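First up is the structure itself, then whatever we jot down about it.
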There are 2 protein chains.
Amino acid sequence: MTSHPAALDDLDRKIVAALVANARTSFAEIGAAIGLSAPAVKRRVDRMREAEVITGFTTMVSPSALGWRTEAYVEVYCDSAAPPRRLAEVVRDHPEITAAMTVTGGADALLHIRAEDIQHFEEVLERIRAEPFIDKTISYIVLSHLLSDSAEAGASPATPADETNRR
Amino acid sequence: MTSHPAALDDLDRKIVAALVANARTSFAEIGAAIGLSAPAVKRRVDRMREAEVITGFTTMVSPSALGWRTEAYVEVYCDSAAPPRRLAEVVRDHPEITAAMTVTGGADALLHIRAEDIQHFEEVLERIRAEPFIDKTISYIVLSHLLSDSAEAGASPATPADETNRR
DNA sequence: GTTGAAAAGTGGCAGAG
DNA sequence: CTCTGCCACTTTTCAAC
């Protein structure tokens with residue numbers, strides 16, 4: 001990876017926090033809040049994008065509004081000679097899989113799945129289980145969210161340095 | 001919930017897709033791509049924000065760049081009389097918990113946790129297990145991502161209607 | 001950090017569906 | 001009546017200095 005030391009200072013972290021809260025905040029507004037001019041903020045943002053500290057800007061959408069009303073996590077168990085590379089291919093073939101990762105523990109991988117409803121989820125699960133090297137799966141259907149993560153991927157609690165700012 | 005039928009048409013879905021891909025895309029650019037003027041796009045975005053189809057704009061940040069190099073999912077088992085409301089409070093007290101939800105299966109809840117490193121994660125886990133009504137936890141430490149979810153929260157595979165557009 | 005030109009955002013208004 | 005494009009006017013971006 002091209003991850004330079006990057007050395008973010010406090011101003012950088014405040015800029016990131018502002019942009020995570022609202023990716024469309026103007027540089028001028030961010031600058032006013034932290035005592036910097038708009039171009040200065042832009043230069044820092046450009047630098048952080050270059051350093052891949054900031055990997056992109058996205059929009060949070062209510063999944064249910066788009067018709068995805070069922071969410072689940074699925075543990076996947078593969079047979080002994082399961083190549084992780086092969087798993088990555090499979091994962092890309094099912095559009096309902098929104099995240100996939102290898103994990104410690106008994107399971108080989110953990111999938112995050114979004115489906116229209118339970119019927120659709122069952123169909124997805126059957127499709128995944130039909131893969132030759134998959135031995136078994138264990139599903140955890142999400143009932144309700146206790147913490148509405150702002151944007152699960154980008155969201156990080158705070159900065160390791162300062163544990164003070166809890167939301 | 002105030003979820004109106006909302007009835008998104010094809011243009012709305014294309015606008016959402018464009019904004020999910022890049023929340024800072026100009027309305028003019030989106031309009032040019034779908035055959036609409038900039039103000040027309042803005043009107044639709046405003047309407048979708050009002051209807052809470054679009055819940056916000058955020059920035060994707062490399063967690064490791066901010067010092068969060070350890071990621072894990074933790075199953076939480078509570079004692080019989082565990083009130084979910086109480087769990088929600090606890091979850092908010094630990095800034096390292098980036099997502100929490102109740103799930104089907106043996107466990108009562110599933111937590112997504114980000115920590116600086118394994119040592120930090122262990123400390124967080126001990127803190128959580130110290131809660132009086134938590135019986136046990138099972139941790140799945142994330143080793144590597146097979147699918148780099150654009151932004152896990154907002155990301156949805158495609159529209160249930162058209163299963164054709166797979167990335 | 002400041003300046004200035006180009007681009008984007010935003011609200012009013014009239015017309016088409 | 002809703003949605004659109006057009007037109008001013010304001011704000012923001014961005015590449016100079």
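Read-outs: derived from the displayed coordinates by stated rules, not from any lab. What you see is a predicted model; the values in this text were computed from it and never measured. Reconstructed Cβ throughout: ideal geometry from the backbone, glycine too, with neighbour counts over all protein chains shown.
Values for this structure:
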{"read-out": "Sole exception among (1) under 15 Å from residue A:149 (Cβ atoms); (2) without any contact (Cβ under 8 Å) to a residue 24 or more places away in the chain; (3) touching a Pro at 6+ places or on another chain (Cβ under 8 Å) for residue B:96, by number", "value": "(2)"}
{"read-out": "Qualifying positions in region B:45-76 - away from DNA strand D (no atom under 16 Å from the Cβ) and in contact with a Gly (Cβ under 7 Å, 6 or more places away or on another chain)", "value": "B:60, B:61"}
{"read-out": "Test: residue in region B:81-100 that is of a type in the set (Gly, Ala, Ser), at the interface with chain A (Cβ under 8 Å from one of its Cβ atoms) and touching a Ser or Thr at 6+ places or on another chain (Cβ under 8 Å)", "value": "no"}
{"read-out": "Unmet requirement for residue B:24, which otherwise passes all of (1) assigned to a helix (DSSP H, G or I); (2) within 12 Å of chain A (Cβ to nearest Cβ); (3) without any contact (Cβ under 8 Å) to a residue 60 or more places away in the chain", "value": "(1)"}
{"read-out": "Enumeration of residues in region B:29-48 that are within 10 Å of DNA strand C (Cβ to nearest atom) and free of Cβ contacts under 8 Å to residues at least 12 places away in the same chain", "value": "B:29, B:31, B:32, B:37, B:40, B:43, B:46"}
